[in-house]
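The values are calculated or read from the model by the stated rules, or taken from the named source; none is laboratory data. Just so it is clear, the structure is predicted and the values come from calculations on it, not from any experiment. Neighbour counts run over all protein chains shown; Cβ positions are idealised from the backbone, glycine included. Side chains included, ligands, DNA and RNA excluded: accessible areas come from the protein's heavy atoms. Shrake-Rupley method; radii C 1.70, N 1.55, O 1.52, S 1.80 Å.
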Amino acid sequence: MFLSWITGTVAGLAALHFLQKSLFPYFWVDLKFLLKVIRYGFLIEMYKRTGNVVTVVDRFIQQAQRIPNKVFLIFHGETYTYRDVDKRSNRVAQVFLKHSTLKKGDTVAVLMSNEPDFLNVWFGLVKIGCLVAFLNYNLRSRSLLHCFHSCGAKILIVGADLLDTLEEILPSLQDDKIAVWVMAKETSLQGVNTIVDKLECVSDEPVPRHLRIVKSIRAPTLYIFTSGTTGLPKAAVIGQLQSLKGAAGIWAFGGTPEDIVYVTLPLYHSAASLIGIGGCIYLGATCVLRKKFSASQFWVDCKKYDVTVIQYIGELCRYLCKQPKREGEKAHKVRMAVGNGVRSDVWREFLERFGDIKMCELYGATEGNICFMNHTGKIGSVGRTNFFYKLVFPFELIKYDIQKDEPIKNQHGWCEKVQKGETGLLISKVNSNNPFFGYTGNKKHTEKKLLHDVFKKGDVYFNTGDLMVQDSNNFLYFRDRIGDTFRWKGENVATTEVSDIIGMLDFIQEANVYGVTLPEHEGKAGMVSIILKPKQTLDLMSTYKQVTTYLPGYACPRFLRLQENMEMTGTFKQQKFRLVEEGFNPTTIKDPLFFLDDSKQSYVPLTKDIYDKIISGLIKL
């Protein structure tokens, strides 16, 4: 009797296990991940209820006290412990308390490359209660000035290697009585303050703690610029909630204090600053920071510094796969890669070539209120959803008319959800748990990202601008972006910004900018269709000089199309749909086409020979 009971129990458990494997194959991995999310959620809820928020910088200070001698940062061979960075950032705080009029709540803009002092300045300013705006060092002139003014900054701090960029905008800043500081001991620029010399004359003792105390999880802490869907870059407000969520990313994927994290992405990106640096701080791990990404040195650095976790974007993985094969490419300690935007084919090639690395793909916009994390390693997916996830982060995929550039509504005026397997626009519900902080300085831009009365009167959703699909197993896949933005080289390119720059040329009447697809490339390369003013001719060298002077490299249109008439939509918007479909093939397009040739410092006629070399990969973009 007892034996038959045991046998029955074992058989029942075996059957249950078989059913679980068959019907719910991700049950245990989902449960493990969910428990982590719940655990961190309780911590965030505690901050909300008590009004005593432990910020990312607070966490760093705690780590500096707990593990002062542990290496926090390795930068091109130089090492800095948690104590080193804490003390130098204290000095930065002391300098600005002593030599500036900054007070708690003021905003300071930082224009710096990847370097240790980027972190020292960031942390030091937060320690005196300032908000920090990260400026994209690829931006120039008009765009850079726009970013600075849009975030309401009172001071600009510039890295010593970016003085040429500063010189272009310095007269305008000084006309507006803006204080400019440079990370140098001395400078020949008139009216510019230096920092490094002053660091040597102040204490490295902590500034008063009350200056950095934060009582609300919703309080802003950073401004990070995003191209958005139209116009010049916008300053996305990063609240303490977003900052804390980002810092938990590597931990949620399985990161540990023993990890060594390799960061080659620019620190002005939320990926590098919030997830990379913030993630190391949360764990008490070590960060290997590189000034710029180098495909040829990537694995050399990983082996040299015993890197265990790397950060990536899709293009980074593709660049690594395009490198010549070398002996011992799998002889490294990298066990995990955290990032976004890698294509399925590149994902497979990356794993086959570089070894058994856990790919932790995630999805999220800098200013967004939703994120997905692929904790299962499913190739091509940005993450999974389930009943519990949607309770915490309510979202939907809705039907969208790409040509009309608007959601499709039914006869009752409500949006409609797509079926599993169908592509739809990702929208995320805005509520107290998932707020949308928007953009600073312009309510119109914030309002444009919101959809009202979507499924019922009074509901509000954040429009991600991304088309996605959910399969039968609840995996989510990114498909494309809508509107006037496309991605190239891992950056968002706002078409209106590019067309505004090109439109400044006195022979251009109208410029229509869009992205075109290239084989074996992530994102879309920039292309512009232009109309000349009457009796004007196209000056190819002047066009080249204009875009390369006033636009970052990734935003410069690689292709130019000369048209006689610009096709418009019924609402008088430039028509891009047909242009995107036609691409840049000179054998099928009758209009004159041109290609941006850096070697000739001009646009040159796009011949069939050049086109074939681009398609085959002989010409690198």
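Mind ranking 207-215, 393-401 by how tightly packed they are, going by the mean number of other C-beta atoms within 10 angstrom, highest first? Don't skip to the answer; put the middle values down first.
Working: 207-215: 14.7, 393-401: 18.6.
In decreasing order of mean packing, 207-215, 393-401 become 393-401, 207-215.
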Taking just the C-alpha trace of region 506-551, give me its Rg and Dmax in Å.
12.9, 40
Considering only C-alpha atoms, what is the centroid distance from region 135-203 to region 446-462, in Å?
39
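May I ask you to compute the full-extension gain from residue 580 to residue 99, defined as 0.36 nm times their residue separation minus their alpha-carbon distance, rounded to one decimal in nm?
167.8 nm
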What do you get for GluC sites (Glu not before Pro) in region 311-390 restricted to DSSP loop and a cutoff of at most 15 other Cβ within 10 Å of the site's Cβ?
327, 329
Mind checking the full-extension length gain between residue 587 and residue 387? Use 0.36 nm per residue of separation minus the Cα-Cα distance, one decimal, nm.
66.9 nm
For region 205-364, what is the accessible area per residue in Å² when the probe is 1.4 Å?
35
Separation of alpha-carbon centers, region 511-565 and region 226-295, rounded to whole Å
32
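Please state the shape class of region 211-267: rounded when a/c is under 1.5, otherwise prolate if a/b exceeds b/c and oblate if not, all from the C-alpha gyration tensor.
It is oblate, given that a/c is not under 1.5 and a/b is not larger than b/c.
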What are the ³J(HN,Hα) values, in whole Hz, obtained from phi via the Karplus relation 6.51 cos²θ - 1.76 cosθ + 1.60 with θ = phi - 60°, for each residue of region 174-188 in sequence order, with x given for Gly and Pro?
5, 4, 8, 6, 8, 6, 10, 10, 10, 7, 8, 7, 8, 8, 8
Cα-based shape type of region 227-345, given that a ≥ b ≥ c are square roots of the gyration tensor eigenvalues and the cut on a/c is 1.5:
oblate
Which order do 204, 612 take by accessible area at a 1.4 Å probe, largest first?
612, 204
Once the dipole of region 172-293 is set up from charges on Cβ (+1 Lys and Arg, -1 Asp and Glu), the residue from the list 283, 250, 207 lying farthest towards its positive end is 250
On each of the three principal axes the extent of the alpha-carbon atoms of region 414-466, given in whole Å and largest first, is 39, 23, 20
Unpartnered Cys in the chain, judged by a 4.7 Å Cβ-Cβ cut-off, are 130, 147, 151, 201, 302, 317, 321, 360, 371, 415, 556
What is the calculated FRET efficiency for residue 327 to residue 358, with r their C-beta to C-beta distance and R₀ = 22 Å, to the nearest 0.05?
0.35
Please compute the length gained on full extension between residue 78 and residue 194, using 0.36 nm multiplied by the number of residues separating them and subtracting their Cα-Cα distance.
39.4 nm
Report the chymotrypsin sites (Phe, Trp or Tyr not before Pro) located in region 95-129 that are in a DSSP loop and have at most 10 other Cβ atoms inside 10 Å of their Cβ, or state none.
none
Find the Rg to Rh ratio for region 79-172, where Rh is the Kirkwood radius over alpha-carbon pairs and Rg uses the same atoms.
0.97
Give, as a single signed number, the net charge of other residues whose beta carbon lies under 11 Å from the beta carbon of residue 365, with Lys and Arg counted +1 and Asp and Glu -1.
0
What is the projected area of the convex hull of the Cα atoms of region 324-368, averaged over all directions, in nm²?
4.0
Rounded to two decimals, the Debye log10 I(q)/I(0) of region 468-621 (Cα scatterers, no solvent) at q = 0.13, 0.18, 0.21 Å⁻¹ is -0.60, -1.12, -1.53
Past 21 Å, Cα to Cα, is the threshold; run 303/489; 533/600; 524/620; 292/600 against it and keep the listed order.
303/489; 533/600; 292/600
Provide the FRET efficiency to the nearest 0.05 for the residue 32-residue 472 pair, computing r from the beta carbons and using R0 = 30 Å.
0.85
Please report, in debye to the nearest 20, how large the charge dipole of the chain is about its Cα centre when each Lys and Arg carries +1 at its beta carbon and each Asp and Glu carries -1 there.
1620
Among 232, 216, 272, the residue whose Cα sits farthest towards the positive end of the charge dipole of the chain, when +1 is placed on the Cβ of each Lys and Arg and -1 on the Cβ of each Asp and Glu, is 216
Ignoring ligands, DNA and RNA, what accessible area per residue does region 530-621 give at 1.4 Å, in Å²?
57
Can you give the charge dipole size of region 408-537 about its Cα centre, rounded to the nearest 20 debye, using +1 on the beta carbon of Lys and Arg and -1 on the beta carbon of Asp and Glu?
380
For the chain, which whole-number percentage of the solvent-accessible area (1.4 Å probe, protein heavy atoms only) is attributable to carbon and sulfur atoms?
54
